[in-house]
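Visitor: Can you read through this structure? Questions will come right after.
The values are calculated or read from the model by the stated rules, or taken from the named source; none is laboratory data. This one's a predicted model, so the numbers in the text were calculated from it and none came from an experiment. Reconstructed Cβ throughout: ideal geometry from the backbone, glycine too, with neighbour counts over all protein chains shown.
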Amino acid sequence: MSNRSINTLDKILTSIDSMRLFIASNQPKTYRENPAKGVPETNLTTAQRSHAAALMRVNHAGEVAAQGLYEGQAVFARDNSVKEQMLEAANEELDHLNWCRERIEELDEKPSKLDPIWYSGSLIIGSLAGFVGDKWSLGFIEETERQVSNHLTKHLGLLPLEDQRSRKIVTQMRLEEEQHQANAKKAGAEELPKFIRYLMTITSKVMTKMAYHI
């Protein structure tokens, strides 16, 4: 095996291990201030709390998956500027992950038990996308962020109106996901074939349904 192959494998294994430790840890990492800071908590019914927590668990699972996608793509990025863009986006997604996790805990719930699966599966997909080439990898990011933005818009319609803390977090997340999409397009993203976009949509729906309940 070549030194390059060993180095790439080391990076992938390091990414898996670091995320495994993060998911297992109860210790918060340093991240940007939660956009819900200063927004008062409201009295939600038991049903509203459960529903809001499940939606935020879905969002948290999506951010876990985003870490895998971006890190996998960054490992195989040819252009350093593209790699830096992916790592910067991953860092912002980590903020989103923490915000969601914090809100889930405030609602007395826990993140998805399937988070390790979301991460490892997404790392493989991201690595494959990155291996194909930067333009296709950027295209994958553009389409992913487009779908995520639509997903968050839908959640804003599903979250209880009284739950302003969750809504504030989701609104900020959507703004940044849209920026990630725009950045990928500006960097030269190649539009993905229709059947790949369809598969991404189906995969997202499966993850959403499972993370809502588990």
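Visitor: Here are some conditions: (1) touching a Gly at 6+ places or on another chain (Cβ under 9 Å); (2) closer than 27 Å to F131 by Cα; (3) buried (at least 23 other Cβ atoms within 10 Å of the Cβ); (4) in contact (Cβ under 8 Å) with a residue 60 or more places away in the chain. G62 meets all but one. Which one does it not meet?
Guide: Tallying (1) touching a Gly at 6+ places or on another chain (Cβ under 9 Å); (2) closer than 27 Å to F131 by Cα; (3) buried (at least 23 other Cβ atoms within 10 Å of the Cβ); (4) in contact (Cβ under 8 Å) with a residue 60 or more places away in the chain, G62 fails exactly one: (1).
Visitor: From the list T171, T208, T203, which residue is under 15 Å from A61 (Cα atoms), in contact (Cβ under 8 Å) with a residue 40 or more places away in the chain and not acidic (D, E)?
Guide: T208
Visitor: Let me ask something else. May I ask you to list the residues in the stretch 9-40 that are at pLDDT 55 or above and loosely packed, with under 12 Cβ neighbours inside 10 Å?
Guide: D10, K29, T30, E33, K37, G38, P40
Visitor: Could you grab me the full set of residues in the stretch 105-129 that are closer than 15 Å to E71 by Cα and either of a type outside the set (A, V, I, L, M, F, W, C) or outside any helix (DSSP H, G or I) (or both)?
Guide: P116, Y119, S120, G121, S122, G126, S127
Visitor: Considering only the stretch 141-190, state which residues are within 22 Å of N34 (Cα to Cα) and among the acidic types (D, E).
Guide: E145, E162, D163, E176, E177, E178
Visitor: Residues in the stretch 67-105 that are touching a residue at least 12 places away in the same chain (Cβ under 8 Å) and either out of contact with any helix residue (DSSP H, G or I) (no Cβ under 7 Å at 6 or more places or on another chain) or of a type in the set (A, V, I, L, M, F, W, C) (or both): how many?
Guide: Count: 19.
Visitor: Which one of the conditions (1) touching a helix residue (DSSP H, G or I) at 6+ places or on another chain (Cβ under 8 Å); (2) part of a helix (DSSP H, G or I) does K154 fail to meet, given that it meets all the rest?
Guide: K154 satisfies every listed condition except (1).
Visitor: From the list E162, E145, exactly one residue is among the charged types (D, E, K, R) and not in a helix (DSSP H, G or I). Which is it?
Guide: Step by step, each of E162, E145 is checked, and only E162 is among the charged types (D, E, K, R) and not in a helix (DSSP H, G or I).
Visitor: Which condition does L87 not pass, out of (1) closer than 24 Å to H51 by Cβ; (2) of a type in the set (A, V, I, L, M); (3) surrounded by fewer than 21 Cβ atoms within 10 Å (Cβ to Cβ), if it passes all the others?
Guide: With respect to (1) closer than 24 Å to H51 by Cβ; (2) of a type in the set (A, V, I, L, M); (3) surrounded by fewer than 21 Cβ atoms within 10 Å (Cβ to Cβ), L87 is out only on (1).
Visitor: Conditions first: (1) more than 17 Å from the chain's Cα centre (by Cα); (2) assigned to a helix (DSSP H, G or I); (3) surrounded by fewer than 21 Cβ atoms within 10 Å (Cβ to Cβ). L192 passes all but one, so which condition is the exception?
Guide: Looking at each condition in turn, L192 falls short on (2).
Visitor: Could you list, ordered by first residue, the pairs with Cβ atoms under 8 Å in which the first is in the stretch 106-121 and within 27 Å of A47 (Cα to Cα) and the second is assigned to a loop (DSSP other than H, G, I, E, B) and acidic (D, E), at least 6 apart or interchain?
Guide: Pairs that qualify, where the first residue is within 27 Å of A47 (Cα to Cα) and the partner is assigned to a loop (DSSP other than H, G, I, E, B) and acidic (D, E), are E106/E41.
Visitor: Take H155 and tell me if it is surrounded by 14 or more Cβ atoms within 10 Å (Cβ to Cβ), under 19 Å from the mean Cα position of the chain (by Cα) and in contact (Cβ under 8 Å) with a residue 40 or more places away in the chain.
Guide: yes
Visitor: Among the candidates E71, E63, single out the residue that is assigned to a helix (DSSP H, G or I) and under 10 Å from the mean Cα position of the chain (by Cα).
Guide: After ruling out the rest, the residue left standing is E63.
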